[in-house]
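Working notes, structure below.
Values in this text are rule-based calculations from the coordinates and carry no lab data. Bear in mind the structure is a predicted one, so any value in this text is a computation, not a measurement. Reconstructed Cβ throughout: ideal geometry from the backbone, glycine too, with neighbour counts over all protein chains shown.
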């Protein structure tokens, strides 16, 4: 299973490497950079792509899987060192800091522990591809620059891989925030008898409160793109569950009265497109509820990152994103114990 997951990730990395003569560096904060670069080099060669592998500085010699010819010394990489049409592939912070002429074409960042991410967040924030290797046995691609690979090719598969292995322990880890979900639903003042969609419902923690809010004449639908999450939600007795991507909702335009989205925006590859799709299915005047059971500052601290003013949920960016995607932001509450933003669908 571990090898299959690495094979899937590596195959997507090969697709993301542009054709022709390009330079790629695999950076990170531990010894995983060399083995990952070796996998990528071997996969490129297997795909018929010439590859000049810069030996890992930590290894002191050419790594296994490297191209037998055309390898160049670590350190400064002269432009003429790479054969025509070949991929120059290096790894490590020292290699990243010593790029070929014109800079690296593709920077792959291996995101490991939260402490390391906090210390080296700038290096990860400027990467073209981010691979989550918190669990080295289960790597997951979390970001790919749109110029390298269309999100439709990688996002759904990788997001399912990320959440699927966490479904069984999700409620154990986060189960004590159910009262916060109920309070958020109450604050949203959803219309009795209405139709509400819980987009990215996960294990269904909001569904009991949503059903109570719309009453017996209403309908609460739980939607998630991860089968394992829906299986946990179904095991609690929840009905009305739909397996689908929140970025491509299987509902008619203007067919629902409200959308509840807990923790969804931070996982959308494009917040504007994502909120626009939520707006598409919502009736004019309908309600959008964006929620997280902790505030932005507490969540950033938990993830070991610095809270930035351009964060998608920061007041300015969220107001602008909402307006450009069909919503009018009416409530913004970013306290220590919760994040809650309410918006109404524009006519």
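Quick notes on this one:
- Among 31, 84, 16: highest mean-square fluctuation, GNM of the chain, C-alpha pairs under 10 Å: 84
- MRE, 222 nm, helices only [DSSP H, n ≥ 4, -39500 (n - 2.57), over the chain, to nearest 500]: -10000 deg cm²/dmol
- Taking packing as the residue-averaged number of other Cβ atoms within 10 angstrom, the listed peptides 176-187, 300-311, 212-223 run from highest to lowest as 212-223, 176-187, 300-311.
- Chain lengthening between residue 217 and residue 297 when straightened (0.36 nm per residue, less Cα-Cα): 24.9 nm
- Our estimate of slack between residue 4 and residue 236, defined as 0.36 nm per intervening residue step minus the Cα-Cα distance, is 80.4 nm.
- Cβ-Cβ FRET estimate between residue 183 and residue 248, R0 fixed at 35 Å, reported to 0.05: 0.70
- Stretchable slack from residue 306 to residue 176, in nm (0.36 nm times residue separation minus alpha-carbon distance): 44.3 nm
- With one equal scatterer per alpha carbon and no solvent term, the Debye-computed log10 I(q)/I(0) for region 171-345 at 0.10, 0.14, 0.18 1/Å reads -0.34, -0.69, -1.20.
- With respect to the chain, whose longest principal axis is taken over its alpha-carbon atoms, helix 271-280 is tilted by about 30°.
- Helix 315-324 and the longest principal axis of the Cα set of the chain meet at an angle near 80°.
- Pairwise centroid distance, computed over Cα atoms, of region 1-29 with region 232-295, Å: 31
- Separation in nanometres of the label points that stand 7 Å from Cα toward Cβ, at residue 150 and residue 324: 2.2
- On Cα atoms only, tilt of 33-46 relative to the major axis of the chain in degrees: 80
- In the distance distribution for the chain, Cα-Cα pairs more than 30 Å apart total 42 percent.
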